[in-house]
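This report concerns only the one structure given below.
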């Protein structure tokens, strides 16, 4: 029976071996591809296009091996966890049951079976990764050599003549295409007319109709509708212009269906589209309109300069793309495009240089402390880079480094446009948050600020790949970076990947928001219906916050696949080095938890600690805030409140005793004084009902007979005012009864008074 069970188990766990044939074929194919790749890399005459195609093939295989490795790693981790759950293997198998022994043997066999393909996949992945790295280095070196290749100077007059000839040949080819395509144009006449009519309507009535429609929809004067109307009124006319451009594009595509005509139409569409985009961005950022303020405020002349020059950059960028498409149809495009592109570089450099000069206008927008804002500082730093490029670009283009000039001037224009789009998007989102969230509440303000920062980071993360492409990065470079991120990095026994980190962040943010929602529900709906005092309610809210954040952090870490045991080991190792430095912080944190649970003090209590007296404003994680009667705020470490002596006047209730000392002159009737003081105490409205004031004849003082009024107040917070009112009443009654409140009296005894008298008399006789 036992042998039968072992056979069944062996057959069951040996099933993965049946799929080894497919894997073997995959690895055989891969070895062939890898050998061909190594031979291609060794051949220096291979074109860059061939290298890119080979890289794509290697990248596909690398992805396969990565998936196989991940699958094998996940399966192995599960099997090892099962084996660990069985406990350590005893030295003598007789001390272990047969079922456990058989299960342990089966798991060991399965682990051994799964390890081989996983290791083979890891080896193939590393080989593919190495080959891809070599190909990237070769391609990158070729791009660098091309970038710094010295070409003919555009100042050569012969190039100008050749450029015009090339442009004339292109125009002639378009004319030939138009002559030869009259019949298709006639057949598409109605469609062409339709597109042109749509474009005319969008241009003629677009902006007007949009603003009128927005006025009718957002007719209210509330902040949300006013902001929505203003921003949509700024954005939708631009969209209308782009739609009109698309309509014109389709119309001219039917008019010019040939190859040269298609090139011209596409180039003109990009030219006009980028020109419109540049103008819209410049006006939105630097000028604004009657409904929207400029994002960067400057004096009017400088604002107009910025709008003109940034708008001009859009037209220049569009012209570059148009000319590049046009001259690409010629036999020798690199030489023909030198002169027209040199002229565009000069125009762009002038516009960039003038744009860079607007940073000086922000001197007038300094705050009271004389510092510039972050936006202003960023723009000033960017302007210096732009000014440098605007000077260097035309110079190296005139020398003959055409590719280097193009690689400097046009990417900076595209970068400015990308940053402008990020700035506008972030501004729109910030305005939405300012309207949606209640700015009067501290928590809402902090949350809105966190969300603004988060959305800014997200926008920048989306912009960085685009900017990298502008500056010469290949698409494969971005995918390679993403693959590197996907592969992750080792952290103890855990491999962290972007998916893990995103999972952690998303779950933590959602959990944090859920915790705040629960807090809000407790604060608004549940706690008001309880008998807890204000301090107890605040303690419940604080404990809920700490506990919720702790639970959310644990759930986020677990969901992200982070091994907590490894984290604990790292934390333990760190604690050895920084434990002493964090000792005070940990002590204060633990003391804060104790204060919230035991509640020796609570928010709103009147306390005396460390020579300071005041009301507890808040109990935080590390410290407690106390507002003194001098309107100062004292920050007391929580450990001092636990280890030191604290006087809490309002711990259990607001009731408290007040003592008013009174001194009367010798010769007064003590019983009459007692009677008067008792009447004064009993008649005060803030005495606790049911309590009996007491008057104590305390002592025969050096200057007076000393009495004390001792009463219990309903609210001890009025202690000083009650003392003051009683003192006023005592002075009044004593004056009416003729009872004297004495000054301090002292008897002075002089030694040798007789000798001193004789000396004075003798001096007077003389």
Calculated FRET efficiency for the pair residue 122/residue 102, C-beta based, R₀ 45 Å, to 0.05: 0.90
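If a/c stays under 1.5 just call it rounded; otherwise compare a/b with b/c (prolate if a/b is bigger, oblate if not). Do that for region 656-737, with a ≥ b ≥ c from the square roots of the Cα gyration tensor eigenvalues. Numbers along the way, then the final one.
On the way: a/c = 1.91, a/b = 1.77, b/c = 1.08.
Prolate shape, in that a/c is at least 1.5 and a/b is the bigger ratio.
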Label point distance in nm, residue 243-residue 31, each placed 7 Å from Cα along Cα→Cβ: 6.2 nm
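Going by a ≥ b ≥ c, the root eigenvalues of the Cα gyration tensor, does region 639-686 fall in the rounded group (a/c under 1.5), the prolate group (a/b larger than b/c) or the oblate group?
Values: a/c = 6.59, a/b = 2.28, b/c = 2.89.
Oblate, since a/c reaches 1.5 and b/c is not below a/b.
Can you tell me how much longer the chain between residue 553 and residue 620 gets when fully stretched, taken as 0.36 nm per residue apart minus their C-alpha distance, in nm with one decimal? Spell out each step's value before the answer.
Working: separation 67, 0.36 × 67 = 24.12 nm, distance 1.95 nm.
Length gained, residue 553 through residue 620: 22.2 nm.
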Under the Debye formula (equal points on every Cα, no solvent term), log10 I(q)/I(0) of region 597-648 at q = 0.17, 0.19, 0.28 Å⁻¹: -0.41, -0.52, -1.23
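If R0 is 60 Å, what FRET efficiency do you get for residue 544 and residue 47 from their C-beta distance, rounded to 0.05? Mind showing how you got there, number by number?
Values: r = 66 Å, r/R0 = 1.10.
Approximately 0.35, to the nearest 0.05.
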Inter-label distance for residue 474 and residue 587, nm, one decimal - labels placed 7 Å from Cα along Cα-to-Cβ: 6.1 nm
At R0 = 35 Å, FRET efficiency that the Cβ-Cβ distance of residue 197 and residue 63 yields, to 0.05: 0.10
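Calculate, in nm to one decimal, what residue 113 and residue 717 gain on full extension: separation in residues at 0.36 nm each, minus their alpha carbon distance. Walk me through the intermediate numbers first.
Values: separation 604, 0.36 × 604 = 217.44 nm, distance 7.79 nm.
Once the chain is fully extended between residue 113 and residue 717, it gains 209.7 nm.
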Nitroxide proxy distance, nm - points 7 Å out along Cα→Cβ at residue 725 and residue 702: 3.5 nm
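How much length would be gained if the chain were fully extended between residue 350 and residue 324, taking 0.36 nm per residue of separation minus their Cα-Cα distance, in nm to one decimal? Display every interim value, and only then the final one.
On the way: separation 26, 0.36 × 26 = 9.36 nm, distance 2.10 nm.
Computed gain between residue 350 and residue 324 is 7.3 nm.
Quick note: the coordinates plus some simple rules give every number you see, no bench work behind them. Treat the numbers as computed from the prediction; the structure is a model and nothing was measured. Ideal geometry is used to build each Cβ from the backbone, glycine not excepted, and the neighbour counts take in all protein chains shown.
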